[in-house]
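Since the structure comes first, as structure tokens, the remarks are kept for the end.
The values are calculated or read from the model by the stated rules, or taken from the named source; none is laboratory data. Computed from a prediction, not measured in an experiment: that's the story for all the values here. Because the Cβ atoms are built from the backbone with ideal geometry, glycine has one as well, and the counts that use them run over all protein chains shown. Just the protein is used for accessible areas: all its heavy atoms, side chains included, with ligands, DNA and RNA removed. Shrake-Rupley method; radii C 1.70, N 1.55, O 1.52, S 1.80 Å.
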Amino acid sequence: MSLTFHWFLPTNGDSRDVVGGGHGSPVTASGRDRPPTVAYLSQIARAAEGLGFVAALTPTGAWCEDAWLTTAMVSQHTERLKFLVAFRPGFVSPTLAAQMAATFQRQTGGRLLLNVVTGGESREQRAYGDFLDKDARYRRTGEFLHVVRELWDGKSVDLDGEHLRVEEARLSRVPDPVPEVYFGGSSPAAGEVAARHADVYLTWGEPPAQVAGKIAWIRGLAAAHGRTPRFGIRLHVITRDTAAQAWAEADRLLDGFDPQTVRAVQEGLGRSESEGQRRMLALHGGSRDGLEIHPNLWAGIGLVRGGAGTALVGSHEEVAERIKEYHALGIDEFVLSGYPHLEEAYWFGEGVLPRLAAQGLWTHPDGRASAAAPELPIAL
């Protein structure tokens, strides 16, 4: 199977420094360096499209722009690129969400993927009017996805569930193609939902041994339901012509982390209810020491950013080797990002993807012999 690569749209702002945010932590001041305008996000999207990324992930939460609206606008400035839209199922009815997805598919030519985010922070959920606890939110997510998938299949749905109730729900037009569902979560409640509903299970960038354990866990749960999901990983990336150049860039980013900001962010993230966030924090323990937790896997991003907190750092050859290592475990899809997102897309697309293509592990979605992006003015 050819590897699949996705990029990231920084709808919370972009910078030459790390932009924080997520899981209850505020967006850092660097998020104002390059505001998340449609013009700038479209520039990133067009570069990703030309380089050979399949889709672009957009986050969800109070700390960033709305993913549905933003991707709908950016889609009009791209042709092939899909959008991995993160959304929280507790905020809209399942019938409306199914309808929105069907509309998105028709208006973009089938370029929607869905990243279902149950929501790991009760405080943020309450700000949106959601007062369920974490486990109840996962049970509601299961009901939600059941309704949505039935509607996408063209069925009429009646459900009187623990959290959701619909009567004679039906779509006048079903989506074509049906969007694939991406789902992540490290708690037992999350695993059950993933086993029943995920087309692609996503994990954050933990060391390979931990990722292997997660894959085995979800595979076992899914097999009990007669399902075989694919697996993906969410990572940042710093790749350069030489390892020394890549690590110098990582050191530059680290030097920009104000100790007071690190302490404040770590205190906030330490209150997170997310099991995945807890596992991210355990990789560095809030310390600047020993941040290379596996060859070429750097945990420094997680000092100031919630959610995905690790990066692949090294030469193009080394980063390609780490990707092959994860692929050998069962990872087929890679959701990547870097600071700034425009320039790092080029570093990876022009440095790593051709090496993977030469080994028969990756093919450009447009059938090109190698990655190439359109010439675009780079925002400096």
### Leading residue by the ranking (surrounded by the fewest Cβ atoms within 10 Å (Cβ to Cβ)) among those in the range 164-189 that are touching a residue at least 24 places away in the same chain (Cβ under 8 Å) and in contact with a Ser or Thr (Cβ under 7 Å, 6 or more places away or on another chain)
V166
### Message
Let me spell it out: the conditions are (1) under 30 Å from E292 (Cβ atoms); (2) open to solvent by 60 Å² or more (accessible area, probe 1.4 Å), and E206 meets all of them except one. Which number is the exception?
### Response
(2)
### Message
Six or more apart or on different chains, Cβ atoms under 9 Å: show the pairs whose first residue is in the range 1-15 and in contact (Cβ under 8 Å) with a residue 24 or more places away in the chain and open to solvent by 10 Å² or more (accessible area, probe 1.4 Å) and whose second is among the aromatic types (F, W, Y) and in a loop (DSSP other than H, G, I, E, B).
### Response
S2/W362; T4/F53; T4/W362; N12/W63
### Task
Report, by residue number, each residue of the range 139-169 that is part of a helix (DSSP H, G or I) and closer than 30 Å to G22 by Cα.
R139, R140, T141, G142, E143, F144, L145, H146, V147, V148, R149
### Query
Restricting the range 49-63 to residues that are under 13 Å from W7 (Cα atoms) and in a loop (DSSP other than H, G, I, E, B), which is farthest from the chain's Cα centre (by Cα)?
G52
### Message
The conditions are (1) in a loop (DSSP other than H, G, I, E, B); (2) open to solvent by 20 Å² or more (accessible area, probe 1.4 Å), and R46 fails exactly one of them. Which is it?
### Response
(1)
### Query
Do you know which of the residues in the range 170-196 that are among the aliphatic types (A, V, I, L, M), outside any strand (DSSP E or B) and touching a Leu at 6+ places or on another chain (Cβ under 9 Å) is farthest from V211 (Cα to Cα)?
L171
